[in-house]
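Visitor: One structure, as structure tokens, below. Some questions next.
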Amino acid sequence: MKDLEFYFQDALKNGYAIGAFNFNNLETLKAICNGSENTHSPVLVAVSEGGFSYIGENHILPMVEAIRKEHKKLPIFLHLDHGKSFEICKRAVDAGFDSVMFDGSSLSFEENVKITKKVVQYAHKKGVFVEAELGVLAGIEDTVNANEALFTNPQKAKEFVEKTGCNSLAVAVGTSHGAYKYKGKPKIRFDILEEIQNAIPNVPLVLHGASSVPQKYIKIINKFGGEMSGAAGTDAKILSTCAKNFHICKINTDTDMRLAYISTVRKHLAQNPKDFDIRNANLLAIEEMTKLVEEKNRTFNCENRVK
């Protein structure tokens, strides 16, 4: 089976982005892989630092290995999302992850370079892919919390990649973490994105804060007891443009998976107040999240990339 480096270079050459979908339980993991197999798309199944603690590092790889046995022809890569220290990245590498992200976006440029380089040196010895981040995305999600965005500087991006040797680079061009991304229309700086890809043309770029926050889920959540007024996300057309016309080779999705899950469970339990078997709600949630993953893979132009 082809490795992660192959798919990133293929994405770079052919104008698509690999979906990286966060999971915190078996139901979400099943849906991610079901949806990706249905669209014949390579996939990164991602665990954040919060997910790492919630699931337990001794349980993550066995879960993924079990899923791989069910989807033998599907390239499934296990990824650490937003590792905030060398130590957590090292633990993920040692646990058998295929890819780790060191998020030094809150650090000074020099400190970010220093720790990213250390992560790269350790990970590459074991054949593990390293994603780094330069620039700051606004918003709140899991362990990520920033009030203001700081766009990635294209020339600094070139210097950063040359000094660290990272495999891919997450950039800040206007997207935002969480379910409450924007007030008004999103303003994505395609001009900066173009400058970045021109500065580092052979480096796969990554887009975080890219959940679309589908309003159908928000309406269901609010109808059945939730309070999520004002939630808004990144338009799917923007994501498609990033994948097809720029060097965005990986797009992260976390919030949308949570919304699909919670909205389905809320609706089922509200409409079936006597049902105390969570399996019934979870099976419906798996179906809904599977459809979401299929839709995302088509948006990312990642359909039929597994031959």
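Visitor: Pairs please, first residue from segment 236-252 and closer than 13 Å to Lys13 by Cβ and touching a residue at least 60 places away in the same chain (Cβ under 8 Å), second anywhere and of a type in the set (D, E, K, R) and surrounded by fewer than 24 Cβ atoms within 10 Å (Cβ to Cβ), Cβ atoms under 9 Å, 6+ apart in sequence or on different chains.
Guide: Matching pairs, first to second residue: Cys249/Asp10.
Visitor: So, one more: Which one of these does Asn24 not meet: (1) more than 27 Å from Cys302 (Cα to Cα); (2) at pLDDT 95 or above?
Guide: (1)
Visitor: Residue check, Met101 against (1) more than 21 Å from Ala285 (Cα to Cα); (2) assigned to a helix (DSSP H, G or I); (3) in contact with a Gly (Cβ under 9 Å, 6 or more places away or on another chain); (4) of a type outside the set (S, T, N, Q), all met but one. Which one?
Guide: Looking at each condition in turn, Met101 falls short on (2).
Visitor: Please determine, by comparing only the residues of segment 15-54 that are assigned to a helix (DSSP H, G or I) and hydrophobic (A, V, I, L, M, F, W, C), which one is surrounded by the fewest Cβ atoms within 10 Å (Cβ to Cβ).
Guide: Looking at residues that are assigned to a helix (DSSP H, G or I) and hydrophobic (A, V, I, L, M, F, W, C), I get Leu26.
Visitor: What are the pairs, 6+ residues apart or on separate chains, where a residue within segment 268-288 that is under 13 Å from Phe224 (Cβ atoms) and touching a residue at least 12 places away in the same chain (Cβ under 8 Å) has its Cβ under 9 Å from a residue that is among the charged types (D, E, K, R) and loosely packed, with under 14 Cβ neighbours inside 10 Å?
Guide: These pairs meet every condition: His268/Asp275; Leu269/Asp275; Ala270/Lys223; Ala281/Asp275.
Visitor: To continue, here is another question. Right, Lys73: part of a loop (DSSP other than H, G, I, E, B), in contact (Cβ under 8 Å) with a residue 60 or more places away in the chain and of a type in the set (D, E, K, R) or not?
Guide: yes
Visitor: Now, a different point. Being surrounded by 15 or more Cβ atoms within 10 Å (Cβ to Cβ), out of contact with any Gly (no Cβ under 9 Å at 6 or more places or on another chain) and modelled with pLDDT of 95 or more narrows it down to one of Lys118, Lys114, Lys125, so name that one.
Guide: Result: Lys118 is the single residue among Lys118, Lys114, Lys125 that is surrounded by 15 or more Cβ atoms within 10 Å (Cβ to Cβ), out of contact with any Gly (no Cβ under 9 Å at 6 or more places or on another chain) and modelled with pLDDT of 95 or more.
Visitor: May I ask you to say which residue of Leu44, Leu80, Leu29 is within 15 Å of Ala95 (Cβ to Cβ), within 14 Å of the chain's Cα centre (by Cα) and of a type outside the set (Phe, Trp, Tyr)?
Guide: Just a single option satisfies the conditions, and that option is Leu80.
Visitor: Still on this structure, please answer the following. Which members of segment 255-307 meet the condition of being part of a helix (DSSP H, G or I), among the hydrophobic types (A, V, I, L, M, F, W, C) and within 24 Å of Val43 (Cβ to Cβ)?
Guide: Those that are part of a helix (DSSP H, G or I), among the hydrophobic types (A, V, I, L, M, F, W, C) and within 24 Å of Val43 (Cβ to Cβ): Met257, Leu259, Ala260, Ile262, Val265, Leu283, Leu284, Ala285, Ile286, Met289, Leu292, Val293.
Visitor: For segment 205-254, which residues satisfy the criterion of being assigned to a helix (DSSP H, G or I) and surrounded by 17 or more Cβ atoms within 10 Å (Cβ to Cβ)?
Guide: Across segment 205-254, the qualifying residues are Tyr217, Ile218, Ile220, Ile221, Ile238, Leu239, Ser240, Cys242, Ala243.
Visitor: Hey, another quick one. Can you find a residue in segment 5-14 that is assigned to a loop (DSSP other than H, G, I, E, B) and without any contact (Cβ under 8 Å) to a residue 40 or more places away in the chain?
Guide: Checking segment 5-14: not a single residue is assigned to a loop (DSSP other than H, G, I, E, B) and without any contact (Cβ under 8 Å) to a residue 40 or more places away in the chain.
Visitor: Given Asn280, Asn301, which one is surrounded by fewer than 16 Cβ atoms within 10 Å (Cβ to Cβ) and at pLDDT 95 or above?
Guide: Answer to the selection: Asn280.
Visitor: Could you check segment 266-307 and list, in sequence order, the residues that are within 19 Å of Phe23 (Cβ to Cβ) and small (Gly, Ala, Ser)?
Guide: Within segment 266-307, Ala281, Ala285 meet the criteria.
Visitor: Can you name the number of the only condition in (1) assigned to a helix (DSSP H, G or I); (2) modelled with pLDDT under 95 that His82 fails?
Guide: Among (1) assigned to a helix (DSSP H, G or I); (2) modelled with pLDDT under 95, His82 violates only (1).
The values are calculated or read from the model by the stated rules, or taken from the named source; none is laboratory data. Predicted, not measured: the structure shown is a model, and the values here were computed from it. Backbone-built Cβ (ideal geometry, glycine too); neighbour counts: all protein chains shown.
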